[in-house]
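*Asks:* Have a look at the structure that comes next, please.
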Amino acid sequence: MINRLCIFGVGLMGGSLALALRRAGQVGEVVGCGRSRANLEEALSCGILDRYEQDPAQAVRGADMVLLAVPLGAMHSVCVAIRDHLAADAVLTDVGSAKGSVVEDVRAAFGTLPTQFVPGHPIAGTEKSGATAAFATLYEKRRVILTPLPETAPQALARVRMMWELTGAVVEETTVTHHDEVLAATSHLPHLLAFGLVDSLAQQGEREEIFRYAAGGFRDFTRIASSDPVMWRDICLANREAILQALAHFEADLHAIKQAVRNEDGHQLLACFQRAKVARDRFCDIVATSPEMGPE
Ligand code: NAP
(Lines give C-alpha, C1' and ligand atoms only; values in the text may rest on other atoms or scores of the structure.)
Protein backbone atom coordinates (compact mmCIF):
# COMPACT_ATOMS: atom_id res chain seq x y z
CA MET A 1 0.00 0.00 0.00
CA ILE A 2 2.87 2.37 0.86
CA ASN A 3 6.04 2.28 -1.20
CA ARG A 4 8.18 4.51 0.97
CA LEU A 5 7.11 5.70 4.42
CA CYS A 6 9.11 8.55 5.92
CA ILE A 7 8.79 9.05 9.68
CA PHE A 8 9.87 12.20 11.51
CA GLY A 9 10.33 11.29 15.18
CA VAL A 10 10.98 7.56 15.35
CA GLY A 11 9.67 7.06 18.86
CA LEU A 12 6.79 5.19 20.46
CA MET A 13 4.12 6.41 18.03
CA GLY A 14 6.07 6.59 14.77
CA GLY A 15 8.02 3.39 15.43
CA SER A 16 4.89 1.45 16.32
CA LEU A 17 3.15 2.50 13.11
CA ALA A 18 6.12 1.28 11.06
CA LEU A 19 6.18 -2.06 12.90
CA ALA A 20 2.42 -2.53 12.46
CA LEU A 21 2.58 -1.79 8.72
CA ARG A 22 5.54 -4.14 8.31
CA ARG A 23 3.64 -6.87 10.11
CA ALA A 24 0.73 -6.31 7.74
CA GLY A 25 3.14 -6.49 4.78
CA GLN A 26 1.89 -3.12 3.56
CA VAL A 27 5.02 -0.98 3.41
CA GLY A 28 8.00 -1.18 1.07
CA GLU A 29 10.73 0.94 2.62
CA VAL A 30 10.70 2.82 5.94
CA VAL A 31 12.97 5.85 6.25
CA GLY A 32 13.43 7.62 9.59
CA CYS A 33 14.55 11.11 10.50
CA GLY A 34 15.30 12.55 13.93
CA ARG A 35 17.86 14.41 15.96
CA SER A 36 19.77 11.69 17.76
CA ARG A 37 21.78 9.14 15.82
CA ALA A 38 21.61 6.77 18.81
CA ASN A 39 17.79 6.58 18.64
CA LEU A 40 17.83 6.11 14.86
CA GLU A 41 20.47 3.35 15.15
CA GLU A 42 18.26 1.72 17.75
CA ALA A 43 15.31 1.94 15.34
CA LEU A 44 17.42 0.25 12.64
CA SER A 45 18.40 -2.60 14.92
CA CYS A 46 14.79 -3.06 16.16
CA GLY A 47 13.70 -3.54 12.54
CA ILE A 48 11.61 -0.36 12.51
CA LEU A 49 13.67 1.36 9.80
CA ASP A 50 15.38 0.28 6.60
CA ARG A 51 17.54 3.40 6.71
CA TYR A 52 17.66 6.84 8.24
CA GLU A 53 18.67 10.33 7.24
CA GLN A 54 19.45 13.23 9.50
CA ASP A 55 18.77 15.74 6.73
CA PRO A 56 14.96 16.15 6.46
CA ALA A 57 15.19 17.04 2.75
CA GLN A 58 16.98 13.75 2.01
CA ALA A 59 14.60 11.82 4.24
CA VAL A 60 11.39 12.82 2.40
CA ARG A 61 12.82 12.34 -1.08
CA GLY A 62 10.67 9.81 -2.95
CA ALA A 63 8.37 9.11 0.01
CA ASP A 64 4.69 8.58 -0.83
CA MET A 65 3.61 8.74 2.86
CA VAL A 66 5.16 11.15 5.38
CA LEU A 67 4.35 10.91 9.08
CA LEU A 68 5.04 13.70 11.57
CA ALA A 69 5.52 11.97 14.94
CA VAL A 70 7.66 14.53 16.77
CA PRO A 71 6.50 16.44 19.89
CA LEU A 72 4.00 19.22 19.09
CA GLY A 73 6.64 21.90 19.73
CA ALA A 74 8.78 20.51 16.87
CA MET A 75 6.06 20.17 14.18
CA HIS A 76 6.58 23.61 12.63
CA SER A 77 10.37 23.33 12.21
CA VAL A 78 10.04 19.89 10.60
CA CYS A 79 7.43 21.22 8.15
CA VAL A 80 9.66 24.16 7.21
CA ALA A 81 12.53 21.73 6.58
CA ILE A 82 10.51 19.46 4.26
CA ARG A 83 8.13 21.84 2.46
CA ASP A 84 10.28 22.25 -0.68
CA HIS A 85 11.21 18.58 -0.91
CA LEU A 86 7.92 16.67 -0.65
CA ALA A 87 6.86 14.78 -3.78
CA ALA A 88 3.74 16.36 -5.30
CA ASP A 89 1.64 13.25 -4.61
CA ALA A 90 3.10 12.48 -1.16
CA VAL A 91 0.50 12.25 1.60
CA LEU A 92 1.42 14.16 4.76
CA THR A 93 -0.11 13.16 8.10
CA ASP A 94 0.68 13.39 11.81
CA VAL A 95 -0.06 11.86 15.22
CA GLY A 96 -0.06 15.06 17.31
CA SER A 97 -2.23 15.09 20.43
CA ALA A 98 -3.76 18.49 19.58
CA LYS A 99 -4.96 19.21 16.06
CA GLY A 100 -5.48 22.99 15.76
CA SER A 101 -1.83 23.75 16.50
CA VAL A 102 -0.54 21.20 13.96
CA VAL A 103 -2.88 22.58 11.29
CA GLU A 104 -1.60 26.10 12.00
CA ASP A 105 2.02 24.89 11.97
CA VAL A 106 1.51 23.20 8.59
CA ARG A 107 -0.30 26.24 7.17
CA ALA A 108 2.43 28.60 8.41
CA ALA A 109 5.25 26.43 7.05
CA PHE A 110 3.69 25.71 3.63
CA GLY A 111 2.01 29.11 3.20
CA THR A 112 -1.25 27.28 2.51
CA LEU A 113 -2.77 23.98 3.59
CA PRO A 114 -1.57 21.22 1.24
CA THR A 115 -4.44 19.16 -0.18
CA GLN A 116 -2.41 16.05 0.67
CA PHE A 117 -2.34 16.88 4.40
CA VAL A 118 -4.51 14.73 6.71
CA PRO A 119 -4.34 15.57 10.44
CA GLY A 120 -4.60 12.54 12.73
CA HIS A 121 -4.42 11.47 16.37
CA PRO A 122 -4.23 7.86 17.57
CA ILE A 123 -5.82 7.46 21.01
CA ALA A 124 -3.16 5.03 22.11
CA GLY A 125 0.16 5.14 23.86
CA THR A 126 2.18 4.15 26.89
CA GLU A 127 4.23 6.18 29.34
CA LYS A 128 7.43 5.03 27.55
CA SER A 129 9.19 6.87 24.74
CA GLY A 130 11.81 6.45 22.03
CA ALA A 131 12.29 3.76 19.37
CA THR A 132 12.83 1.00 21.94
CA ALA A 133 9.32 1.62 23.31
CA ALA A 134 7.65 0.90 19.94
CA PHE A 135 5.65 -2.31 19.37
CA ALA A 136 3.57 -3.62 16.48
CA THR A 137 0.28 -4.06 18.37
CA LEU A 138 0.05 -0.58 19.91
CA TYR A 139 -2.83 0.48 17.66
CA GLU A 140 -4.83 -2.74 17.65
CA LYS A 141 -8.47 -2.02 18.55
CA ARG A 142 -7.57 1.57 19.43
CA ARG A 143 -9.30 4.63 18.03
CA VAL A 144 -7.55 6.88 15.55
CA ILE A 145 -9.23 10.24 15.05
CA LEU A 146 -8.75 11.97 11.70
CA THR A 147 -9.71 15.64 11.36
CA PRO A 148 -9.81 16.27 7.60
CA LEU A 149 -9.97 19.89 6.46
CA PRO A 150 -12.02 21.43 3.65
CA GLU A 151 -8.76 21.48 1.67
CA THR A 152 -8.02 17.77 2.23
CA ALA A 153 -8.16 15.65 -0.95
CA PRO A 154 -10.51 12.64 -0.57
CA GLN A 155 -7.82 10.27 -1.94
CA ALA A 156 -5.33 11.45 0.70
CA LEU A 157 -7.93 10.94 3.43
CA ALA A 158 -8.73 7.46 2.10
CA ARG A 159 -5.04 6.47 2.08
CA VAL A 160 -4.48 7.59 5.67
CA ARG A 161 -7.67 5.88 6.81
CA MET A 162 -6.59 2.63 5.15
CA MET A 163 -3.08 2.91 6.61
CA TRP A 164 -4.47 3.07 10.15
CA GLU A 165 -7.02 0.32 9.52
CA LEU A 166 -4.14 -1.93 8.47
CA THR A 167 -2.68 -1.54 11.97
CA GLY A 168 -5.92 -2.87 13.49
CA ALA A 169 -7.14 0.57 14.59
CA VAL A 170 -10.72 1.84 14.40
CA VAL A 171 -10.77 5.12 12.48
CA GLU A 172 -13.19 7.96 13.19
CA GLU A 173 -13.47 11.45 11.75
CA THR A 174 -14.36 14.73 13.40
CA THR A 175 -13.51 18.41 13.11
CA VAL A 176 -10.33 19.98 14.44
CA THR A 177 -12.29 22.16 16.88
CA HIS A 178 -14.41 19.31 18.22
CA HIS A 179 -11.33 17.11 18.63
CA ASP A 180 -9.44 19.76 20.57
CA GLU A 181 -12.41 20.63 22.83
CA VAL A 182 -13.20 17.00 23.65
CA LEU A 183 -9.56 16.03 24.23
CA ALA A 184 -9.02 19.14 26.38
CA ALA A 185 -11.83 18.01 28.68
CA THR A 186 -11.22 14.26 28.75
CA SER A 187 -7.43 13.99 28.42
CA HIS A 188 -5.58 17.27 28.76
CA LEU A 189 -7.44 18.52 31.86
CA PRO A 190 -7.03 15.19 33.76
CA HIS A 191 -3.29 15.18 32.99
CA LEU A 192 -2.97 18.78 34.14
CA LEU A 193 -4.80 17.97 37.38
CA ALA A 194 -2.73 14.84 38.02
CA PHE A 195 0.59 16.64 37.43
CA GLY A 196 -0.63 19.60 39.49
CA LEU A 197 -1.85 17.52 42.43
CA VAL A 198 1.30 15.42 42.70
CA ASP A 199 3.49 18.52 42.42
CA SER A 200 1.43 20.35 45.03
CA LEU A 201 1.67 17.45 47.49
CA ALA A 202 5.34 16.89 46.75
CA GLN A 203 6.10 20.49 47.60
CA GLN A 204 4.35 20.33 50.94
CA GLY A 205 6.49 19.63 53.97
CA GLU A 206 6.94 16.09 55.22
CA ARG A 207 6.19 14.78 51.73
CA GLU A 208 7.69 11.39 52.46
CA GLU A 209 5.12 11.06 55.20
CA ILE A 210 2.27 12.04 52.82
CA PHE A 211 3.30 9.57 50.13
CA ARG A 212 3.95 6.81 52.68
CA TYR A 213 0.27 6.87 53.66
CA ALA A 214 -1.01 7.22 50.09
CA ALA A 215 -2.85 4.13 48.88
CA GLY A 216 -4.41 2.69 45.73
CA GLY A 217 -6.73 5.66 45.23
CA PHE A 218 -3.78 8.01 45.04
CA ARG A 219 -1.95 5.70 42.66
CA ASP A 220 -5.01 5.35 40.37
CA PHE A 221 -5.69 9.08 40.30
CA THR A 222 -2.06 10.06 39.67
CA ARG A 223 -0.85 7.30 37.30
CA ILE A 224 -0.84 9.71 34.38
CA ALA A 225 1.48 12.12 36.22
CA SER A 226 4.24 9.68 35.21
CA SER A 227 3.73 10.66 31.54
CA ASP A 228 6.40 12.49 29.55
CA PRO A 229 6.64 16.08 30.89
CA VAL A 230 7.92 17.56 27.60
CA MET A 231 5.07 16.03 25.62
CA TRP A 232 2.50 17.35 28.10
CA ARG A 233 4.04 20.80 28.28
CA ASP A 234 3.75 20.97 24.49
CA ILE A 235 0.13 19.74 24.56
CA CYS A 236 -0.87 22.34 27.18
CA LEU A 237 0.69 25.13 25.15
CA ALA A 238 -0.67 23.82 21.84
CA ASN A 239 -4.28 23.41 23.01
CA ARG A 240 -4.24 26.41 25.33
CA GLU A 241 -7.66 27.93 24.52
CA ALA A 242 -9.63 24.71 24.80
CA ILE A 243 -7.77 23.73 27.99
CA LEU A 244 -8.47 27.13 29.55
CA GLN A 245 -12.18 26.68 28.79
CA ALA A 246 -12.23 23.20 30.31
CA LEU A 247 -10.28 24.46 33.31
CA ALA A 248 -12.66 27.40 33.86
CA HIS A 249 -15.64 25.04 33.77
CA PHE A 250 -14.01 22.71 36.25
CA GLU A 251 -12.93 25.57 38.53
CA ALA A 252 -16.58 26.61 38.85
CA ASP A 253 -17.63 23.05 39.71
CA LEU A 254 -14.72 22.67 42.14
CA HIS A 255 -15.78 25.89 43.82
CA ALA A 256 -19.28 24.42 44.30
CA ILE A 257 -17.75 21.31 45.92
CA LYS A 258 -15.61 23.50 48.16
CA GLN A 259 -18.69 25.47 49.23
CA ALA A 260 -20.55 22.25 49.98
CA VAL A 261 -17.70 21.03 52.21
CA ARG A 262 -17.46 24.43 53.91
CA ASN A 263 -21.24 24.56 54.49
CA GLU A 264 -21.34 20.93 55.61
CA ASP A 265 -23.86 20.39 52.82
CA GLY A 266 -23.95 16.60 52.71
CA HIS A 267 -26.90 16.59 50.30
CA GLN A 268 -24.98 18.49 47.69
CA LEU A 269 -21.86 16.36 48.11
CA LEU A 270 -23.85 13.15 47.89
CA ALA A 271 -25.72 14.38 44.78
CA CYS A 272 -22.41 15.24 43.10
CA PHE A 273 -20.78 11.92 44.00
CA GLN A 274 -23.84 9.93 42.89
CA ARG A 275 -23.98 11.72 39.52
CA ALA A 276 -20.26 11.08 39.11
CA LYS A 277 -20.56 7.39 39.97
CA VAL A 278 -23.41 6.88 37.50
CA ALA A 279 -21.45 8.70 34.78
CA ARG A 280 -18.24 6.75 35.41
CA ASP A 281 -20.00 3.38 35.61
CA ARG A 282 -21.67 4.18 32.28
CA PHE A 283 -18.29 5.17 30.82
CA CYS A 284 -16.81 1.83 31.94
CA ASP A 285 -19.71 -0.06 30.31
CA ILE A 286 -19.15 1.81 27.05
CA VAL A 287 -15.41 1.03 27.17
CA ALA A 288 -16.15 -2.65 27.68
CA THR A 289 -18.15 -2.82 24.44
CA SER A 290 -16.15 -0.50 22.17
CA PRO A 291 -12.55 -0.06 20.97
CA GLU A 292 -10.10 0.06 23.85
CA MET A 293 -8.95 3.35 25.25
CA GLY A 294 -5.31 4.35 25.03
CA PRO A 295 -3.60 5.63 28.17
CA GLU A 296 -3.59 9.14 26.81
P1 NAP B 1 8.63 9.81 21.59
O2 NAP B 1 8.58 8.36 21.85
O3 NAP B 1 9.45 10.68 22.48
O4 NAP B 1 9.08 10.02 20.08
C5 NAP B 1 9.24 11.28 19.52
C6 NAP B 1 10.51 11.27 18.70
O7 NAP B 1 10.66 12.58 18.14
C8 NAP B 1 11.74 10.98 19.53
O9 NAP B 1 12.20 9.68 19.28
C10 NAP B 1 12.75 12.04 19.12
O11 NAP B 1 13.84 11.40 18.47
C12 NAP B 1 12.02 12.92 18.11
N13 NAP B 1 12.13 14.34 18.53
C14 NAP B 1 11.97 14.83 19.75
N15 NAP B 1 12.10 16.16 19.75
C16 NAP B 1 12.38 16.49 18.47
C17 NAP B 1 12.65 17.72 17.84
N18 NAP B 1 12.67 18.87 18.52
N19 NAP B 1 12.88 17.70 16.51
C20 NAP B 1 12.86 16.55 15.82
N21 NAP B 1 12.63 15.35 16.37
C22 NAP B 1 12.39 15.33 17.69
O23 NAP B 1 7.16 10.48 21.60
P24 NAP B 1 5.79 9.81 21.16
O25 NAP B 1 5.09 9.33 22.39
O26 NAP B 1 6.01 8.90 20.03
O27 NAP B 1 4.99 11.12 20.71
C28 NAP B 1 5.15 11.65 19.42
C29 NAP B 1 3.92 12.45 19.06
O30 NAP B 1 2.78 11.63 19.26
C31 NAP B 1 3.69 13.71 19.89
O32 NAP B 1 3.30 14.76 19.03
C33 NAP B 1 2.53 13.34 20.82
O34 NAP B 1 1.72 14.46 21.09
C35 NAP B 1 1.79 12.32 20.00
N36 NAP B 1 1.04 11.31 20.76
C37 NAP B 1 1.63 10.67 21.81
C38 NAP B 1 0.90 9.72 22.51
C39 NAP B 1 1.49 8.98 23.68
O40 NAP B 1 0.75 8.46 24.51
N41 NAP B 1 2.80 8.89 23.81
C42 NAP B 1 -0.42 9.41 22.13
C43 NAP B 1 -0.97 10.07 21.02
C44 NAP B 1 -0.23 11.02 20.35
P45 NAP B 1 15.24 12.15 18.47
O46 NAP B 1 15.56 12.46 19.91
O47 NAP B 1 16.15 11.21 17.82
O48 NAP B 1 15.02 13.39 17.68
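*Asks:* Looking at A260, A252, A288, A279, can you tell me which residue is more than 16 Å from the ligand (Cβ to nearest atom), within 27 Å of V170 (Cα to Cα), more than 23 Å from the chain's Cα centre (by Cα) and not charged (D, E, K, R)?
*Replies:* A279
*Asks:* On to the next question. So L92 fits all but one of (1) within 15 Å of the ligand (Cβ to nearest atom); (2) assigned to a helix (DSSP H, G or I); (3) more than 13 Å from the chain's Cα centre (by Cα); what number is the exception?
*Replies:* It is condition (2) that L92 fails.
*Asks:* Name the one entry in F218, F195 that is surrounded by 13 or more Cβ atoms within 10 Å (Cβ to Cβ) and free of Cβ contacts under 8 Å to residues at least 24 places away in the same chain.
*Replies:* Details: F195 fails: free of Cβ contacts under 8 Å to residues at least 24 places away in the same chain.
None of the other options fit; the residue is F218.
*Asks:* When you check V106 against the structure, is it within 28 Å of H178 (Cα to Cα), at pLDDT 95 or above and either within 14 Å of the ligand (Cβ to nearest atom) or not hydrophobic (A, V, I, L, M, F, W, C) (or both), yes or no? So that I can check it myself, show each step before the final result.
*Replies:* Working: within 28 Å of H178 (Cα to Cα): yes; at pLDDT 95 or above: yes; either within 14 Å of the ligand (Cβ to nearest atom) or not hydrophobic (A, V, I, L, M, F, W, C) (or both): yes.
Considered against the rule, which asks whether it is within 28 Å of H178 (Cα to Cα), at pLDDT 95 or above and either within 14 Å of the ligand (Cβ to nearest atom) or not hydrophobic (A, V, I, L, M, F, W, C) (or both), V106 comes out as yes.
*Asks:* While we're here: Residues in region 124-161 that are in contact with a Phe, Trp or Tyr (Cβ under 6 Å, 6 or more places away or on another chain) and not in a loop (DSSP other than H, G, I, E, B): how many? Spell out how you get there, then give the answer.
*Replies:* Step one: of region 124-161, the residues in contact with a Phe, Trp or Tyr (Cβ under 6 Å, 6 or more places away or on another chain) are 124, 144.
Checking which are not in a loop (DSSP other than H, G, I, E, B) leaves us with 144.
The number of residues fulfilling the criteria is 1.
*Asks:* Working carefully through the options A279, A248, find the one that is modelled with pLDDT of 95 or more, more than 30 Å from V103 (Cβ to Cβ) and open to solvent by less than 60 Å² (accessible area, probe 1.4 Å). Talk me through it step by step, then tell me what you get.
*Replies:* Numbers: A248 fails: more than 30 Å from V103 (Cβ to Cβ).
Of A279, A248, the one residue that is modelled with pLDDT of 95 or more, more than 30 Å from V103 (Cβ to Cβ) and open to solvent by less than 60 Å² (accessible area, probe 1.4 Å) is A279.
The values are calculated or read from the model by the stated rules, or taken from the named source; none is laboratory data. None of these values were measured; they are calculated from a predicted model. No Cβ is skipped: glycine too gets one built from the backbone with ideal geometry, and neighbour counts run over all protein chains shown. Side chains included, ligands, DNA and RNA excluded: accessible areas come from the protein's heavy atoms. Shrake-Rupley method; radii C 1.70, N 1.55, O 1.52, S 1.80 Å.
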